[in-house]
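Below: one structure, written as structure tokens.
The values are calculated or read from the model by the stated rules, or taken from the named source; none is laboratory data. Everything quoted here is computed from the prediction, not taken from an experiment. FYI the Cβ positions are ideal-geometry reconstructions off the backbone, even for glycines, and counts take in every protein chain you see.
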Amino acid sequence: MSPTAAARQIDPPANGLPSHAGIYHYDQVDRDFLKQRVEQFRRQVARRLAGELTEDEFKPLRLMNGLYLQLHAYMLRVAVPYGVLTSRQVRQFGRIARQYDKGFGHFTTRQNLQFNWIKLVDVPAILDLLAEVDLHAIQTSGNCIRNVTSDQFAGVASDEVVDPRHYAEVLRQWSTLHPEFSFLPRKFKIAITGSSADRAAICIHDVGLIAKRDADGNVGFEVYVGGGLGRTPFIAKKLRDWLPEDQLIAYLEAVLRVYNAYGRRDNIYKARIKILVHELGIDAFRNEVEAEFARMPVAEYRLEPTIIDGIRARFASQPYEALEPISGVLARARLEDQAFNRWVRTNVAAHRQPGYAIATITLKPAGGIPGDVSADQMDAIADLADHYSFGEIRVTHEQNLVLAHVRQDDLPALWKALSAIGFGEANSGLITDIIACPGLDYCALANARSIPLAQRISERFADLDRQHHIGELKIKISGCINACGHHHVGHIGILGVDKKGVEAYQLTLGGSAAEVGAIGDIMGPALSADETVDAIESVVGVYLEQRQDGERFLDTLARIGHTPFKDKVYASH
Amino acid sequence: MARVTDAPKVVTANRLQDGAVVWLTAAGDWSTRIADAQVQADAAGAEAALGIARASAARQEVVEPYAVDVAVEAAGPRPLKTREWIRAAGPSIDAIPTAA
């Protein structure tokens with residue numbers, strides 16, 4: 001991290017980024033770094049195409065730049081730091097989608113964007129376009145500290161204690177090309193939140209941080225370690241209840257050093273930190289970290305308040321208007337239009353600024369592909385962000401977008417505009433707000449398709465009256481055990497498997513990535529795609545029959561257990 | 001290591017420059033259409049075809065060639081595994097999201 005960060009000036013007009021968007025604004029140092037990095041990869045691509053590098057030699061280099069070879073084409077994964085974008089950046093995604101892809105992009109569970117139809121020869125030009133708007137694909141692959149993720153409501157949530165974006169940016173700068181942590185045993189994912197409600201799925205990350213304040217108002221962190229999904233899922237365990245702000249980097253260095261020293265490199269399936277934490281036990285792991293921490297020259301790693309202040313200053317604030325806390329326009333519109341009222345109930349959250357609201361744009365139209373956005377839709381969303389939300393757009397780990405600063409008065413017009421582009425669905429947190437990985441339609445690792453199943457479930461439950469009657473119910477679908485679709489923590493999880501050459505789906509119940517995380521339990525034998533859609537129907541049916549007043553799906557499941565659901569689903573088998 | 005089967009085989013890879021799925025033809029070059037692929041009736045034929053494919057990979061034309069089990073039908077070879085069927089035909093979904 002540059003010690004001169006505090007002295008740098010915000011320089012948004014240089015590249016035309018919206019000046020009030022709540023992103024970290026780059027300066028010339030950052031832009032020169034990105035430019036050098038693109039030129040480096042341009043040369044590596046040229047050497048590969050000229051035959052000077054074999055695929056074995058080139059593969060780790062392309063992965064360091066977010067470039068995978070998937071089933072049909074190269075896939076480029078673009079980093080969206082802690083999920084915050086400007087309208088210009090989203091328009092640039094649209095431009096790349098049109099010019100170099102098939103006209104769309106796919107938002108992922110790590111708040112990133114993937115282009116699925118990329119040509120190797122075009123990648124340097126695409127990276128140039130990304131660098132034009134301060135974006136890149138670094139740390140979206142490889143055994144390094146990956147792009148840090150956070151709460152999509154950061155800085156605006158009514159329940160927020162500490163804005164996590166500033167610390168996420170500290171972590172981004174600390175981890176970018178960190179020489180000691182660029183060749184870890186496996187990838188390493190950090191998530192951070194600063195609210196009581198966990199919207200960042202802290203419990204399923206290698207390190208999860210909850211920023212909070214002590215009685216004197218000082219910032220510190222609750223530190224969790226060893227969470228993760230994949231073949232061996234674990235909910236993270238608490239490592240520290242209180243880590244003072246100034247020790248954040250030193251302590252995380254200690255955690256990473258212990259992992260780097262003891263994490264297994266002989267077996268890819270046992271290489272994540274969750275396995276180390278599990279095998280050592282959290283107490284022994286903690287002792288190792290504290291011992292390493294005690295040996296470190298902590299003063300050298302001290303996160304000085306001036307550095308935090310400097311980074312905070314690089315995040316533009318929003319010039320909010322002084323408004324009444326409750327909008328009369330909004331209240332009338334809700335009374336007059338039940339469809340709009342329904343959207344407000346599910347897709348609008350309380351904002352800390354009086355008269356403003358947070359609007360979630362679910363990228364889950366009935367029968368649609370979760371997380372996919374066309375270039376035209378990107379442009380339209382960018383326009384809406386400029387018009388209604390200071391030119392800023394957030395990405396959620398549930399594959400949705402957020403406009404975080406909407407005047408309550410503007411919500412009716414925003415909803416109409418979103419509806420016109422197919423994204424006005426009132427289904428945030430409901431049964432059709434499905435997380436789905438790309439699955440076997442795109443992914444070289446998948447065993448089964450995820451997207452068509454998500455589409456079929458979405459079509460089956462498309463009736464919004466029914467969805468709202470069911471209430472909160474999160475379905476998450478992965479096409480293989482790597483669990484990019486977070487199936488382990490779905491209220492209903494669906495895992496695609498290969499059953500003697502035929503796609504089949506294993507259901508789990510009771511998972512959660514919220515404040516009290518839980519890994520779902522397997523219901524029974526895997527089912528066909530047809531049977532899976534019917535099984536979801538059966539599970540919902542049992543829930544509706546059995547639920548008592550005010551119970552969510554997870555509440556009813558906890559009260560009556562899994563047996564009634566299992567009996568119903570497998571009754572005909 | 002892939003299990004050796006008695007099924008007829010075609011050889012496939014991804015083209016280096018753009019990642020496109022390609023199939024080895026009887027002429028020893030690559031086609032994006034599986035219908036153009038040369039079907040190898042036995043393991044020896046498949047191994048010989050893989051030799052041609054590996055030489056092509058060494059010339060930086062394609063990446064990671066391998067053999068795929070197929071059924072031979074009137075329209076041409078059809079991969080037996082879903083993964084390869086999807087590689088041959090493209091995603092099973094409408095790849096472009098539709099606005100309402």
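Within the range A:510-523, the set of residues being in a loop (DSSP other than H, G, I, E, B), touching a strand residue (DSSP E or B) at 6+ places or on another chain (Cβ under 7 Å) and touching a residue at least 40 places away in the same chain (Cβ under 8 Å) comprises A:G510, A:M523.
Here's the yes/no breakdown for (1) assigned by TED's automatic domain parsing to the domain that holds A:S450; (2) in a helix (DSSP H, G or I); (3) among the charged types (D, E, K, R):
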{"position": "A:P525", "(1), (2), (3)": "yes, no, no"}
{"position": "A:D530", "(1), (2), (3)": "yes, yes, yes"}
{"position": "A:V533", "(1), (2), (3)": "yes, yes, no"}
{"position": "A:S538", "(1), (2), (3)": "yes, yes, no"}
{"position": "A:V542", "(1), (2), (3)": "yes, yes, no"}
{"position": "A:E545", "(1), (2), (3)": "yes, yes, yes"}
{"position": "A:D549", "(1), (2), (3)": "yes, no, yes"}
{"position": "A:A558", "(1), (2), (3)": "yes, yes, no"}
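Does any residue of the range A:464-480 turn out to be buried (at least 21 other Cβ atoms within 10 Å of the Cβ), more than 30 Å from A:H72 (Cβ to Cβ) and in contact with a helix residue (DSSP H, G or I) (Cβ under 7 Å, 6 or more places away or on another chain)? Yes, the conditions are met somewhere in the range A:464-480.
Condition check ((1) within 14 Å of chain B (Cβ to nearest Cβ); (2) out of contact with any Ser or Thr (no Cβ under 9 Å at 6 or more places or on another chain)) across all residues:
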position	(1), (2)
A:H351	no, no
A:K364	yes, no
A:G367	yes, no
A:D372	yes, yes
A:D379	yes, yes
A:A382	no, no
A:Y388	no, yes
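Can you name the residue in the range A:179-228 that is surrounded by fewer than 19 Cβ atoms within 10 Å (Cβ to Cβ) and in contact with a helix residue (DSSP H, G or I) (Cβ under 8 Å, 6 or more places away or on another chain) and is also farthest from A:Q399 (Cα to Cα) among such residues? The residue in question is A:N218. What are the residues in the range A:476-509 that are among the small types (G, A, S) and assigned to a strand (DSSP E or B), if any? Those that are among the small types (G, A, S) and assigned to a strand (DSSP E or B): A:S478, A:G493, A:G496, A:A504.
The single residue among B:A67, B:A71, B:A49, B:A55 that is within 14 Å of chain A (Cβ to nearest Cβ) and closer than 30 Å to A:E52 by Cβ turns out to be B:A55. Restricted to the range A:332-374, the set of strands (runs of 3 or more DSSP E) holding at least 1 residues that are surrounded by fewer than 21 Cβ atoms within 10 Å (Cβ to Cβ) comprises A:348-350. Please report, ordered by residue number, the strands (runs of 3 or more DSSP E) entirely within the range A:13-109 with at least 1 residues that are more than 28 Å from A:I192 (Cα to Cα). Result: A:67-69, A:74-78, A:104-107. Name every residue in the range A:335-393 that is among the basic types (K, R) and more than 18 Å from A:G422 (Cα to Cα), in order of residue number. Selection gives A:R345, A:R352. Selection of the range B:78-95 for residues being of a type in the set (A, V, I, L, M, F, W, C), more than 8 Å from chain A (Cβ to nearest Cβ) and more than 13 Å from A:R449 (Cβ to Cβ) yields only B:A88. Can you give me the number of residues within the range B:41-100 that are acidic (D, E), over 20 Å from A:L69 (Cβ atoms) and surrounded by 15 or more Cβ atoms within 10 Å (Cβ to Cβ)? So the answer is 1. Given the conditions (1) crowded, with 23+ Cβ neighbours inside 10 Å; (2) closer than 15 Å to A:V80 by Cβ, report the number of the one that A:R110 does not fulfil. Only one criterion in (1) crowded, with 23+ Cβ neighbours inside 10 Å; (2) closer than 15 Å to A:V80 by Cβ is unmet by A:R110, namely (1). Close Cβ contacts (under 9 Å, 6 or more residues apart or on different chains) running from residues in the range A:403-426 that are within 10 Å of chain B (Cβ to nearest Cβ) and closer than 20 Å to A:L85 by Cα to residues that are assigned to a strand (DSSP E or B) and not hydrophobic (A, V, I, L, M, F, W, C) comprise A:I421/A:S374. Any residue at all in the range A:441-455 that's aliphatic (A, V, I, L, M) and part of a strand (DSSP E or B)? No - not one qualifying residue is present in the range A:441-455. Of all residues in the range A:246-272, those that are in contact with a strand residue (DSSP E or B) (Cβ under 8 Å, 6 or more places away or on another chain) and surrounded by fewer than 19 Cβ atoms within 10 Å (Cβ to Cβ) total 0.
Can you name every residue in the range B:10-31 that is within 14 Å of chain A (Cβ to nearest Cβ) and charged (D, E, K, R)? If the condition is that a residue be within 14 Å of chain A (Cβ to nearest Cβ) and charged (D, E, K, R), then B:R15, B:D18 are the ones that fit.
From the list A:N65, A:N143, pick out the single residue that is touching a His at 6+ places or on another chain (Cβ under 9 Å), within 21 Å of A:L184 (Cα to Cα) and not assigned by TED's automatic domain parsing to the domain that holds A:Q377. It would help to see each step written out before you state the result.
Details: A:N143 fails: touching a His at 6+ places or on another chain (Cβ under 9 Å).
Going through A:N65, A:N143 in turn, just one is touching a His at 6+ places or on another chain (Cβ under 9 Å), within 21 Å of A:L184 (Cα to Cα) and not assigned by TED's automatic domain parsing to the domain that holds A:Q377: A:N65.
For the range A:407-440, enumerate the residues that are of a type in the set (F, W, Y) and in a loop (DSSP other than H, G, I, E, B). Selection gives A:F423 alone.
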